[in-house]
Amino acid sequence: MNKDVFTREDLLTKAGVSEEALAGWLKAKLVRPAGFAEDKTPLFSADALERIVHIRKLEDLGYGLEEIQKIIKKFGLPTGKNDRKAPLKKDPYLTVGGLADRSGVSPRTIKHWEDKGVIDPDMRTEGGFRLYSESYVFLCQLIRDLQLFGYTLEEIKAVSDEVRNFLAIQADLDVFPKAGVDAKLAAMLGQIQGLYDKMKLLEEGIERWEDLLKKKKKDIKGLRNRNRKRPEPGDTPKKGKSDA
C-alpha cells in the first residue's frame, strides 16, 4: 500500500513553500495532484516533493515558469526512488466518513476492524486522515455479511487479506513473480469453493426455516383466533334455543 500521500496543506508544510508558489506551479502544471479524496481534496504523492525541489533549484538559477516548463518538456526532471512506486489511482479516495456512508457500516465499526487488523487504509496523510479506495466499499460489505454468516474476526481477517492480495495482483500483475501468483490464485479458488459450500448449507437451512416459520406462523394465527373467541372469566354463557 502506498502510504506516501499528502494533502495540499501537508505538501506546503513538507516542502516549505508558500500557497502562492504552489498555486502557480499547479496552474502551470509543473506539479499535479496524483489523486483526489471524495470531497475533491487533491492528494499528492511523494514524487511531488521531489519535483518541487528541482523546480525551486531552477527558480534559484533565475528561470521563470515558462522557461521551466520548456526545460521540463524537453529534458524532464531528474528521477528519484519515488518514481519506481506505483502512482496513485485517479479514482477518488474515501475518508472514514465517506466509506461509512457508502458501505452502510458505522465509522466506529470501521475503526474497530482497523484495530483488529481486518482492514488497513490504502493511505494515511501527514495530518492523520485515513484514505480508502473504492474497493473498500465492497470489502466492508463483505465483512459485514461474513459476520452474519457466523465467521469470527480471525476468519474474516484471513478472507480480507486474500481480497486485498487479489486486488493488488489485479492492479499490477507484472510486479509479482509468476509462480507465486499462480499459487496464491489457486489458494483463492479453494477458499471461494469453501465459501460456496458454506453458502449452500446456509441456503438449505434457510429453506427449512422458511417452511417451518410459514407453518408456525399459520399455527400461531389459528391459536390466536381461538384464544380471542374464548369467554372472559365471569362471562355468562349465552343461552341456546334448547334452553328457551
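The values are calculated or read from the model by the stated rules, or taken from the named source; none is laboratory data. The structure presented is a predicted model; accordingly, all values stated were derived computationally and were not measured. FYI the Cβ positions are ideal-geometry reconstructions off the backbone, even for glycines, and counts take in every protein chain you see.
For Thr236, the conditions (1) surrounded by 10 or more Cβ atoms within 10 Å (Cβ to Cβ); (2) farther than 26 Å from Leu99 by Cβ; (3) β-branched (Val, Ile, Thr) all hold with the exception of (1). When Phe176, Phe149 are checked against the criterion of being under 30 Å from Lys116 (Cβ atoms), touching a helix residue (DSSP H, G or I) at 6+ places or on another chain (Cβ under 7 Å) and without any contact (Cβ under 8 Å) to a residue 12 or more places away in the chain, Phe176 stands alone in meeting it. Looking only at residues of the range 102-145 that are over 10 Å from the mean Cα position of the chain (by Cα) and among the aliphatic types (A, V, I, L, M), we find that the one that is surrounded by the fewest Cβ atoms within 10 Å (Cβ to Cβ) is Leu142. Does at least one position in the range 50-71 carry a residue that is of a type in the set (Asp, Glu) and assigned to a loop (DSSP other than H, G, I, E, B)? No, the conditions are met nowhere in the range 50-71.
Listed residues Leu11, Leu88; which is modelled with pLDDT under 80, touching a strand residue (DSSP E or B) at 6+ places or on another chain (Cβ under 9 Å), buried (at least 18 other Cβ atoms within 10 Å of the Cβ) and not aromatic (Phe, Trp, Tyr)?
Values: Leu11 fails: modelled with pLDDT under 80.
Selected residue: Leu88, the only one of Leu11, Leu88 that is modelled with pLDDT under 80, touching a strand residue (DSSP E or B) at 6+ places or on another chain (Cβ under 9 Å), buried (at least 18 other Cβ atoms within 10 Å of the Cβ) and not aromatic (Phe, Trp, Tyr).
Output the number of residues of the range 143-165 satisfying the condition of being part of a loop (DSSP other than H, G, I, E, B), over 13 Å from Lys198 (Cα atoms) and either aliphatic (A, V, I, L, M) or at pLDDT below 85 (or both).
First, the residues of the range 143-165 that are part of a loop (DSSP other than H, G, I, E, B): 149-152.
With over 13 Å from Lys198 (Cα atoms) added as a condition, the list becomes 152.
From what's left, either aliphatic (A, V, I, L, M) or at pLDDT below 85 (or both): none.
The number of residues fulfilling the criteria is 0.
For the range 98-111, what are the residues that are closer than 17 Å to Thr41 by Cα and either modelled with pLDDT of 90 or more or not assigned by TED's automatic domain parsing to the domain that holds Asp145 (or both)? Before the answer, list the steps.
Residues of the range 98-111 that are closer than 17 Å to Thr41 by Cα, as a first pass: 98-99.
Within the range 98-111, Leu99 is the sole residue that qualifies.
Within the range 180-201, identify whether any single residue is at negative phi and not in a helix (DSSP H, G or I), and answer yes or no.
Going through the range 180-201, the residues at negative phi turn out to be 180-201.
Cutting the leftovers down to not in a helix (DSSP H, G or I) gives us none.
No - not one qualifying residue is present in the range 180-201.
Residues in the range 159-185 that are under 19 Å from the mean Cα position of the chain (by Cα), aliphatic (A, V, I, L, M) and exposed (fewer than 13 other Cβ atoms within 10 Å of the Cβ): Ala171 only. Scanning the range 14-33 for residues that are surrounded by fewer than 16 Cβ atoms within 10 Å (Cβ to Cβ), part of a helix (DSSP H, G or I) and touching a helix residue (DSSP H, G or I) at 6+ places or on another chain (Cβ under 8 Å) yields a count of 3.
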